[in-house]
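Here is the structure we will look at.
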Amino acid sequence: KAGVTQTPRYLIKTRGQQVTLSCSPISGHRSVSWYQQTPGQGLQFLFEYFSETQRNKGNFPGRFSGRQFSNSRSEMNVSTLELGDSALYLCASSRGGSGPEAFFGQGTRLTVV
Amino acid sequence: SQQGEEDPQALSIQEGENATMNCSYKTSINNLQWYRQNSGRGLVHLILIRSNEREKHSGRLRVTLDTSKKSSSLLITASRAADTASYFCATENTDKLIFGTGTRLQVFP
């Protein structure tokens with residue numbers, strides 16, 4: 001079956017702009033989580049959605065938001081981009097519920113200039 | 001920060017040697033998972049150990065968990081050059097994965 005698909009793979013934006021990243025989970029998976037990975041901070045949890053509801057949220061400012069659609073596809077949005085938002089953004093899908101492994105997409109590499 | 005820590009940060013070994021990575025975490029957990037990441041790409045799930053388990057094996061991988069010490073270790077036996085990657089532990093609680101800082105493993109042929 002198809003894996004987790006993230007689009008776009010690479011993105012260059014200017015400070016102050018906003019960006020939307022997309023994630024299509026594995027078919028049948030209802031949980032989608034987003035992570036930010038930077039050399040300095042490592043892998044940081046952004047938020048998790050299950051059946052269109054945000055269940056968990058990490059310690060990121062309100063500029064970072066997300067949503068999940070009825071087909072489980074998810075988007076995350078970052079408004080008023082800052083240089084420090086440059087990172088690899090990873091999406092992971094799982095069946096949901098305690099225990100199941102997470103399947104990750106290849107990530108979107110965002111560069112803010 | 002809830003983030004766990006891994007030790008060592010980096011490890012270089014020769015093919016055929018064993019590699020051991022340690023992970024310490026801070027909160028109570030339902031399970032602990034290990035992931036592998038090749039340079040700048042997505043993570044791949046390796047193995048999961050539940051909080052009531054002490055040891056688990058999968059192929060050349062052996063994972064231990066000590067909940068009293070809030071620590072885990074990953075042993076890769078008979079390493080290969082293809083094992084070169086970053087390895088992360090992740091603790092799961094309330095459907096949220098919290099990742100450690102990672103260990104960069106380099107295996108020289």
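Go through segment A:1-81 and name the chymotrypsin sites (Phe, Trp or Tyr not before Pro) that are in a DSSP coil and have 16 or fewer other Cβ atoms within 10 Å of their Cβ.
Details: sites: A:10, A:34, A:35, A:45, A:47, A:49, A:50, A:64, A:69; in loops: A:69.
Answer in residue order: A:69.
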Under the Karplus relation 6.51 cos²θ - 1.76 cosθ + 1.60, θ = phi - 60°, what is the ordered set of whole-Hz ³J(HN,Hα) values for segment B:6-18, x standing for Gly and Pro? 10, 9, x, 5, 9, 8, 10, 9, 8, 3, x, 7, 8
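Local charge sum around residue B:85 (other residues, Cβ-Cβ under 14 Å, Lys/Arg +1, Asp/Glu -1)?
Numbers: positive: B:36, B:41, B:60, B:80, B:104; negative: B:6, B:83.
That sum, taken over residues with Cβ under 14 Å, equals +3.
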Highest GNM mean-square fluctuation among B:16, B:59, B:42, for chain B with Cα springs under 10 Å, belongs to B:59
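Normalised by the empirical 2.2 N^0.38 Å for globular proteins, what value does the Cα Rg of segment A:15-113 take?
Cα-based Rg divided by the globular estimate yields 1.03.
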At what distance in angstrom do the alpha carbon centres of segment B:78-109 and segment A:40-91 lie from each other? 22 Å
What's the lysine pair count for the protein assembly as shown at a Cα cut-off below 15 Å, pairs eight or more apart or interchain? 4
Calculate one ³J(HN,Hα) per residue across segment A:68-83 by plugging θ = phi - 60° into the Karplus curve 6.51 cos²θ - 1.76 cosθ + 1.60, and present them in order as whole Hz with x for glycine and proline. 10, 9, 5, 8, 6, 4, 10, 10, 10, 10, 10, 9, 6, 4, 10, 4
Would you please state which residues of segment B:61-94 a label at residue B:39 would reach in this model, taking the label point 7 Å out along Cα→Cβ and a backbone N cut-off of under 13 Å? B:84-86
Using a 10 angstrom cutoff on alpha carbons, build the Gaussian network for chain A and name the most mobile of A:86, A:74, A:24. A:86
Debye equation applied to the C-alpha atoms of segment B:9-70, log10 I(q)/I(0) at 0.15 Å⁻¹: -0.56
Column: log10 I(q)/I(0), Debye, Cα scatterers of chain B, q = 0.09, 0.10, 0.21, 0.22 Å⁻¹: -0.20, -0.25, -1.10, -1.20
Shielding of B:21-31 by other chains, given as the mean Cβ count within 10 Å, works out to 1
Residue B:30-residue B:18 pseudo-label distance in nm [points 7 Å out on the Cα-to-Cβ vector]: 3.2 nm
Expressed as a whole-number percentage, the relative contact order of chain A with C-alpha contacts under 8 angstrom and at least six residues apart is 36 percent
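Among A:26-33, A:15-22, how do they line up from the highest to the lowest mean number of other beta-carbon atoms within 10 Å?
Those peptides, ordered most packed to least, come out A:26-33, A:15-22.
Per-residue mean of other chain beta-carbon atoms within 10 angstrom of the beta-carbon, peptide A:101-110? Before the final figure, lay out each step's value.
On the way: counts 11, 7, 4, 7, 3, 3, 5, 0, 1, 0.
Mean shielding count: 4.
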Please list the non-local residues whose amide H lies under 5 Å from the amide H of residue B:43, H modeled 1.01 Å from N, same-chain partners needing a gap of 5 or more. A:104
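Taking the DSSP beta bridges in chain B as the whole, what percent of them are antiparallel, to the nearest 5? Write down the numbers at each step before the final one.
Working: 40 of 45 bridges.
If we restrict to bridges inside chain B, about 90 percent are antiparallel.
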If only Cα atoms are counted, what is the Rg of the protein assembly as shown, and what is its Dmax, in Å? 17.3, 50
Say each of residue B:57 and residue A:113 gets a label point 7 Å from the Cα, pointing the same way as Cα to Cβ; how far apart are those two points in nm? 5.3 nm
Provide a whole-number value for the mean count of partner chain Cβ atoms within 10 Å of the Cβ atoms in peptide A:87-93. 2
In the Gaussian network model of chain B, springs joining C-alpha atoms below 10 Å, which of B:50, B:41, B:60 carries the largest mean-square fluctuation? B:41
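No lab work stands behind these numbers, since they all come straight from the coordinates. These numbers come from a predicted model, not from an experiment. Note: ideal-geometry Cβ built from the backbone for every residue, glycine included; neighbour counts use all protein chains shown.
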